[in-house]
1. Nothing charged except the Cβ atoms of Lys and Arg (+1) and of Asp and Glu (-1): what's the magnitude of the dipole of the range 85-208 about its Cα centre? Round to the nearest 20 debye.
2. Under the rule of at least 5 residues apart or a separate chain, name every residue whose amide H is placed under 5 Å from the amide H of residue 210.
3. Give the average over all directions of the projected area of the C-alpha convex hull of the range 119-241, one decimal, in nm².
4. For 226, 232, give the ranking by accessible area with the largest first, probe 1.4 Å.
5. Would you grab the residues whose amide H sits under 5 Å from the one on residue 242? Only those 5+ places off in sequence or on another chain, please, with H modelled 1.01 Å from N.
6. Distance check, please: which entries in 101/123; 60/228; 139/228; 184/228; 60/210; 105/228 exceed 27 angstrom between their Cα atoms?
7. How many percent of Cα pairs in the range 73-136 exceed 19 Å?
8. Please list, in chain and number order, the residues 5+ apart from residue 227 or on another chain whose amide H is under 5 Å from its amide H, with Hs placed from the backbone.
Amino acid sequence: MIHQQTTSPYVYVARTTPAATKHPSTAVTLTSLDDSPQRRHELQRQAWKEDISLSVDMAKGSLTYNLHLAERASAHARRLLTTGSNAVPDAVPGLSAQASKTCIKAQRGMDRSTLTEAANLGKIGYVVDPYDSRRIWVKLTDVSRVHAASLKASGFGYCGELAAAAWCYLADNCPANYPIEFYKVNGGNHRLIIIGSAPNQVVCDPWANKTYPLSDLATMQLPENDVKSVDDPNSTRHYLSGGLVPEREWIGVQRY
């Protein structure tokens, strides 16, 4: 049985914007990256990209149009990344791999609680797992709203949170029913967004800070285009190794 939502999705997460953020449920203090000149320059560049209006000369659905959407969405997501991520270029200074994993585990635990509460209040649709009544299935779109709000609140996130923020931006600003899909690496754990329809599909990958035509995927899988994670910096596996497959429409959540 599908339980339909009765009101708008519950995505509230208390927002905090101090220079140093105490991450929930951990003893780790995440220090903002905004103090560095390089970060300030990047944020200015991203703001410039995001504020550019779509040109009337861009045909909707064209490669240029989709690339522009991807740039704007990636810039939006990365502007929320005021603390950092597990991508080596955005690593939080002094944060170990284990501490990074602890932080994201705690953050996602709070997100699960938010989704469970929303389901219990009838604010999002859900399906009870027929084999485990403690588990519910919620829509990926609702999960994404919560992940994006969590990224905005903490300034910290992995690829899933950044992709969610990019998707939310596109869903709120693109024409109705415009193709915007979540994809993941087959056999891996990386997530990103693909915009548009073939042959003009574009990859929006804010975690890697990259946007490019999907036709360039093979080039992006070359060793020189790899992006390492602080969780496993010595891994020999390319972060895009395995190709891309669509993400599931429903995501399982333990509610107690």
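The values are calculated or read from the model by the stated rules, or taken from the named source; none is laboratory data. Bear in mind the structure is a predicted one, so any value in this text is a computation, not a measurement. Quick reminder, even Gly has a Cβ in these numbers, built from the backbone with ideal geometry, and neighbours come from all protein chains shown. Please note that ligands, DNA and RNA were not included when accessible areas were found on the heavy atoms of the full protein model with its side chains. Shrake-Rupley method; radii C 1.70, N 1.55, O 1.52, S 1.80 Å.
1. Values: 12 positive and 10 negative charges, 58 e Å.
In total the dipole reaches around 280 debye.
2. Sorted by chain and number, the residues that satisfy this are 205.
3. Details: hull surface 40.0 nm².
Answer in nm², one decimal: 10.0.
4. Numbers: 226 40, 232 85 Å².
Output order, biggest surface exposure first: 232, 226.
5. Close amide H contacts, sequence-distant or interchain: none at all.
6. 101/123; 60/228; 139/228
7. Values: 1083 of 2016 pairs.
Here the tail beyond 19 Å accounts for 54 percent of pairs.
8. Amide H to amide H, under 5 Å and 5 or more residues apart or across chains, residue 227 pairs with 239.
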